[in-house]
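Undergrad: Supplied in structure tokens, the structure appears directly below.
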Amino acid sequence: MNTTLKMRLSSKTLSGSGEHAQCALQFTTDYQDGRNREWATATPVADIKFTVKDEIGERFELGKAYTFTVSETEA
């Protein structure tokens, strides 16, 4: 099973400083142009949250859409 989720970066929060600086990213469902039609009826809302080092967080733009791929893996 492979599913793609189109998500929009809705929140980007920086914390800490120096080598300990972090960036909390929150992505929410993006329905523009019929995106996510495949799974939206079963899962109408989705959020993905994670925290990364600040230099990684800088690569993500607030409000921009991103695609996540969900696939089954063996245990």
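The values are calculated or read from the model by the stated rules, or taken from the named source; none is laboratory data. Keep in mind that this is a model prediction, so the values were computed, not measured. Cβ coordinates were reconstructed from backbone atoms using ideal geometry, including for glycine residues, and neighbour counts include every protein chain displayed.
Undergrad: Enumerate the pairs (first residue in segment 62-75 and hydroxyl-bearing (S, T, Y); second residue anywhere and assigned to a loop (DSSP other than H, G, I, E, B)) with beta-carbon separation below 8 Å, excluding pairs fewer than 6 apart on the same chain, so at least 6 apart or on different chains.
TA: As it stands, the answer is Y66/F60; S71/M1, since those pairs meet every condition given.
Undergrad: Now for a separate question. With respect to K6, determine if the residue is modelled with pLDDT of 95 or more and either surrounded by 14 or more Cβ atoms within 10 Å (Cβ to Cβ) or out of contact with any Pro (no Cβ under 8 Å at 6 or more places or on another chain) (or both). Write out each step before concluding.
TA: Working: modelled with pLDDT of 95 or more: no; either surrounded by 14 or more Cβ atoms within 10 Å (Cβ to Cβ) or out of contact with any Pro (no Cβ under 8 Å at 6 or more places or on another chain) (or both): yes.
No.
Undergrad: Just to be sure, is T28 of a type in the set (S, T, Y) and either at pLDDT 95 or above or assigned to a loop (DSSP other than H, G, I, E, B) (or both)?
TA: Values: of a type in the set (S, T, Y): yes; either at pLDDT 95 or above or assigned to a loop (DSSP other than H, G, I, E, B) (or both): no.
No, not satisfied.
Undergrad: Test E38 against the criterion of being modelled with pLDDT under 90, among the charged types (D, E, K, R) and not in a strand (DSSP E or B), and give yes or no.
TA: Details: modelled with pLDDT under 90: yes; among the charged types (D, E, K, R): yes; not in a strand (DSSP E or B): yes.
When the stated conditions are applied, E38 passes them.
Undergrad: Only one of V70, V52 is assigned to a strand (DSSP E or B) and modelled with pLDDT of 90 or more; which? Full working, then the answer.
TA: Working: V70 fails: modelled with pLDDT of 90 or more.
After ruling out the rest, the residue left standing is V52.
Undergrad: Among the residues of segment 46-75, which ones are hydroxyl-bearing (S, T, Y) and surrounded by 10 or more Cβ atoms within 10 Å (Cβ to Cβ)? Give the derivation first.
TA: Keep residues of segment 46-75 that are hydroxyl-bearing (S, T, Y), which gives 51, 66-67, 69, 71, 73.
If the condition is that a residue be hydroxyl-bearing (S, T, Y) and surrounded by 10 or more Cβ atoms within 10 Å (Cβ to Cβ), then T51, Y66, T67 are the ones that fit.
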